[in-house]
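Down below is the structure, laid out as structure tokens.
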Amino acid sequence: MSEKDPDISVSSFDFDEFIKSKLDALKSSGSYRHFISIDKQITTFPKFQYINDQGISMQATNWCTNDYLALGSWSGNVDISNETTSKVGTGSGGTRNISGSTIYHRQLEKRIAGWHKTENALLFNSAYQANQTTLCTLGRMIPDLIFISDEENHASMIEGMRATSNKKLIFKHNDVADLEHILKTTIASAPKIIVFESVYSISGTVTPLSAIIELAKRYQCLTYIDEVHAVGLYGNTGAGMLEKFGLERSVDFINGTLSKAIGVFGGYIAASNNWIDFVRSFGSGFIFTTSLPPSICVTAVNSIHEIKTNQVLRNDFFKNIVILRSGLAQFNIHFTGAETHITNILIGNASRCKAIADRLLNEFGIYVQPINQPTVKKGQECLRITITPRHSIADIQHLAKSLNSVLNQKIIITGRSSRLSIAQIEIVKSKINVHFPNLEIEVKLKDSKGDRLINIPLHTQEGIDFFTEDIFNDLDQGVADIAVHSLKDMSTEHFFGDHTFAVVDRAEVRDIVIFNSNIIDNIKENKTIRIGTCSFRRELMALDFLKKALPQLSSDIKLEAVPIRGNIETRLSKLKTGEYDGIILAFAGIDRMFKNNENATLITGLLHDKKIMVLPLIDCLPAPCQGAIVTECLKSNLFANEVLATIKDVKNHEQCVAEKRIANNYGSGCIQKFGVSSITLNQQETILAKGIDQYGNEFEDWYGLELNLDHVHPDHIISSDQLGFTSIKTYSSPGKIVGASNSYFISHISAVNEIAPESFINHRVWAAGTTTWYKLAQLGIWVEGCADSMGFKSIHSLFQTELMSINPDEMKILTSESSAMKWANEGFQTVSTYDIQYQSSLIDKYKLTSSKLIFWNCFAHYDSVKALLPEEIIHVCLPGKTYDQLKELGINPIVFPTFDAFTKWKKKYTLQYIAA
Ligand code: PLP
């Protein structure tokens, strides 16, 4: 730009900046086009030389030429072109109107018209120009004309229609029903033209020609077909798809190119004399441009003659396509376009598409131009492979092998760079290796926003996906094929978005609290216990729980939640500094660290001297999908999809999907104060959602607990403890535990009533449920965890984790005499510390005999009144031992997860009953 004149006010628009920003955006989207300069030789075609980025001359094979029949390198054409040029000269020297119409132009137009069985034809300098000019001329000259266009039409047709103000209606690609719907709903009297192609150049789809033509006749529409990718190849004489299907005379305008299968240059339309005269007279893009060089016209005539007469040429072409496709299939390379000569390998991501094309060229000497936006829609980026009769079998084998190397043999995994994430990636890798033993797996690690905001509580920050967004963005950028995350960190919006997901592993879902060893002293000294946590859910549930579950060694235990951030090892290290008395972590995370020796040593060191508490599942409900590792890929990355489908853990995946959906009912994001977790009650799959929802309402909802009763009066629904049992307890060896052990499972508080609490110091104590836990805590006993009243066996997998390392077979179960036998029969070590006898003589017999549903608080209740039970009674109980014992007797009890859940259900049922 010239220097500014201070007296004139001028635009401050910065053109250079504008250009740069546009090109930069294009480059970062991966759609920026790079051309390679091909040193084309007719003798070596389709092989050619090119200079690579390092300035070295390289050889490659062209696998994306549109010179389908290699006629562009055929000596017959080259000779005639040379001869004509020597005779006629190079250029035509004018527009068709002004000295540029030669005998050769008319000869070619007549030949084209004859080929397509139309009255006439009109040459253009390209099929693009023919499409654009013809459609634009029709639109401008017939202002009421409505364009009805296939959504995948070529840019040249779209540009032609867009240049007019006519109405445009788009029908779904090749969808005759949609087209008919449009025709039906458009003013019948308006002039219309249906615009479509016969062979779609990228997808390789073939149009249902008869159906469209039939509709056009019925609704009296003009028809315009682009046969650019069909002329020279299909039909008896190679005139295209209309010829192949015997429909030559049923379309008003045919568009074709001389530049692809014909191997020369230029384009045309073929139509009636009237229409040709019309476009010739009004079409700006025809009138105001220099006509084709005469030698081009002569060579095109020669080429068309060759196509019409030399069947071998086209036979060889189609034979090669079959060989190519069987070569691809052999390597399990998916492609579309089977109906035509176009072989399309969907990549679905611009950057990846370019990266693959680059590798093919640089490493394997295979030239396939990546097809990116705007040629295809975002997500449809692909490699479009074309072949000629000149490609040899060896060329085809080399292509298939190279594609296999690039597409199938390597997968890039991305994830966070934390130790835990690396451990998760290792799990994913080993699962992939089982099914794809030869697959090369590269891991690319990166930090997430959550890692960078290391000192800030995330629930104070705007946004979602703090730990996952940077990672899944790598997929869109084509940097990686598969992303690995902790599913609990991922937003519901993203999980239900348009990527493919597969949950591949799910470990223990509970939370765990790690305390410093001086916790007991601090409680005794009535100090405020500081718990490090960074989640509202944990703050709400765990602190409330711990108040009752920590050994009650002072009159009022005071707890305070203190924010803590960082990965597992940094959080654990913070315990040492004395900033915190305890920290809450996800059990699965720590446990996964033990899978790798170095991490295991580190964590073992950090846990040395610590006291642990595994938080109960129901009272301290975990976050939705806690413990699950999810893998993610783009839908269009076919190989990655295949890998994910193979390693998917279907049951866990479905469970997680259900949890995420349910969570969505209550709110989402890391600020939420509720948990959602799948809970298996014996065989029955349920989901519990509990906490405070996004509107601040407290809730507790069980999903999958179905108990529908028909007209049972609420008075006839009872629990066995309402019957008025009296009981006598006796203690076998008060004061001590016979046959001491390192670890105890306390099945009921009665089992320790007569035992000095000190007996449990330095022992690992587990409780059957939280009621027992609280009572043990009141005795000053440290409890490590409980079975949530779901039975001893429900926590076996938890015991066997490396973090817990409890052998359930060596654990002593403290229980009553009558139950001890049952446990012992199952091979467990038991100590019966007491016995309880229920007296049924004083029970409310009327209540019992008139009941229709009874909740058994314990098996002994059932045992002592079974003779009096009405026949049709419905049995209900908790999932633990009572269930097992009833089941053994052939009873199929309905299971409730907690007594509280049963009480709530009864209340709701009663209200419904009264309302009805
Ligand atoms: N129509 C379709 C469907 C095409 O694919 C192309 C070119 O790729 C054209 C028209 C334009 O053809 P030409 O190269 O002759 O301008």
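The values are calculated or read from the model by the stated rules, or taken from the named source; none is laboratory data. These numbers were taken from a predicted model, which means no experiment stands behind them. Cβ: placed from backbone, ideal geometry, glycine included. Neighbour counts: every protein chain shown. The accessibility values were calculated without ligands, DNA or RNA, using every heavy atom of the protein model including side chains. Shrake-Rupley method; radii C 1.70, N 1.55, O 1.52, S 1.80 Å.
Considering only residues that are open to solvent by 10 Å² or more (accessible area, probe 1.4 Å) and away from the ligand (no atom under 12 Å from the Cβ), look in the range 119-136 and name the one that is farthest from Ser101 (Cα to Cα). That would be Cys136.
Residues in the range 385-399 that are in contact with a strand residue (DSSP E or B) (Cβ under 9 Å, 6 or more places away or on another chain), open to solvent by less than 10 Å² (accessible area, probe 1.4 Å), over 11 Å from Asp316 (Cβ atoms) and not in a strand (DSSP E or B): Thr386, Leu399.
Identify the residue in the range 536-563 that is part of a helix (DSSP H, G or I) and of a type in the set (D, E, K, R) and, among all such residues, is farthest from Phe760 (Cα to Cα). The extreme case among them is Arg537. Suppose we filter the range 76-97 for residues that are open to solvent by less than 30 Å² (accessible area, probe 1.4 Å), among the polar types (S, T, N, Q) and outside any helix (DSSP H, G or I); how many remain? Number satisfying all stated conditions: 2.
Within the range 289-311, the residues that satisfy the criterion of being in contact with a strand residue (DSSP E or B) (Cβ under 9 Å, 6 or more places away or on another chain) and either part of a loop (DSSP other than H, G, I, E, B) or of a type in the set (Ser, Thr, Tyr) (or both) are Thr289, Thr290, Ser291, Leu292.
Under the condition of being touching an Asp or Glu at 6+ places or on another chain (Cβ under 8 Å) and modelled with pLDDT of 90 or more, the residues counted in the range 429-465 number 2. Within the range 756-770, if we keep just the residues that are in contact with a strand residue (DSSP E or B) (Cβ under 9 Å, 6 or more places away or on another chain) and in a helix (DSSP H, G or I), the residue that is most open to solvent (accessible area, probe 1.4 Å) turns out to be Ser759. Counting only residues that are out of contact with any helix residue (DSSP H, G or I) (no Cβ under 7 Å at 6 or more places or on another chain) and either without any contact (Cβ under 8 Å) to a residue 60 or more places away in the chain or not in a loop (DSSP other than H, G, I, E, B) (or both), the range 564-581 holds 7 of them.
As a summary of the residue check, Met141 satisfies the conditions (1) away from the ligand (no atom under 16 Å from the Cβ); (2) open to solvent by less than 30 Å² (accessible area, probe 1.4 Å); (3) not aromatic (Phe, Trp, Tyr) except for the one numbered (2). Against the test of being in a helix (DSSP H, G or I), among the polar types (S, T, N, Q) and within 21 Å of Ala768 (Cβ to Cβ), the options Thr882, Thr833, Thr910 yield a single qualifying residue, Thr882. If you go through the range 804-822 and keep only what is open to solvent by 20 Å² or more (accessible area, probe 1.4 Å) and either under 30 Å from Asp511 (Cα atoms) or not acidic (Asp, Glu) (or both), you end up with Ser805, Asn807, Asp809, Glu810, Lys812, Ser818, Ser819, Met821, Lys822. In this structure, Ile213 does satisfy being assigned to a helix (DSSP H, G or I) and either free of Cβ contacts under 8 Å to residues at least 40 places away in the same chain or within 16 Å of the ligand (Cβ to nearest atom) (or both).
Matching residues to (1) part of a loop (DSSP other than H, G, I, E, B); (2) at negative phi; (3) within 16 Å of the ligand (Cβ to nearest atom):
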{"site": "Val228", "(1), (2), (3)": "yes, yes, yes"}
{"site": "Tyr268", "(1), (2), (3)": "no, yes, yes"}
{"site": "Asn274", "(1), (2), (3)": "no, yes, no"}
{"site": "Arg280", "(1), (2), (3)": "no, yes, no"}
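Considering Asn153, Asn174, Asn166, the condition of being within 16 Å of the ligand (Cβ to nearest atom), touching a Pro at 6+ places or on another chain (Cβ under 7 Å) and not in a helix (DSSP H, G or I) is satisfied by Asn174 alone. Could you list all residues from the range 55-65 that are open to solvent by less than 40 Å² (accessible area, probe 1.4 Å) and not aliphatic (A, V, I, L, M)? Of everything in the range 55-65, those that are open to solvent by less than 40 Å² (accessible area, probe 1.4 Å) and not aliphatic (A, V, I, L, M) turn out to be Thr61, Asn62, Trp63, Cys64, Thr65.
Tallying residues that are within 17 Å of Ser486 (Cα to Cα), open to solvent by 40 Å² or more (accessible area, probe 1.4 Å) and in contact with a strand residue (DSSP E or B) (Cβ under 8 Å, 6 or more places away or on another chain) within the range 650-681 yields 0.
Select from the range 189-202 the residues that are within 11 Å of the ligand (Cβ to nearest atom) and among the small types (Gly, Ala, Ser) and write down the one among them that is surrounded by the most Cβ atoms within 10 Å (Cβ to Cβ). So, considering only residues that are within 11 Å of the ligand (Cβ to nearest atom) and among the small types (Gly, Ala, Ser), the one surrounded by the most Cβ atoms within 10 Å (Cβ to Cβ) is Ser198. Considering the range 604-649, and only residues there that are free of Cβ contacts under 8 Å to residues at least 12 places away in the same chain and over 32 Å from the mean Cα position of the chain (by Cα), the residue that is surrounded by the fewest Cβ atoms within 10 Å (Cβ to Cβ) turns out to be His608. Against the conditions (1) part of a strand (DSSP E or B); (2) out of contact with any Ser or Thr (no Cβ under 8 Å at 6 or more places or on another chain), Thr686 satisfies every one except (2).
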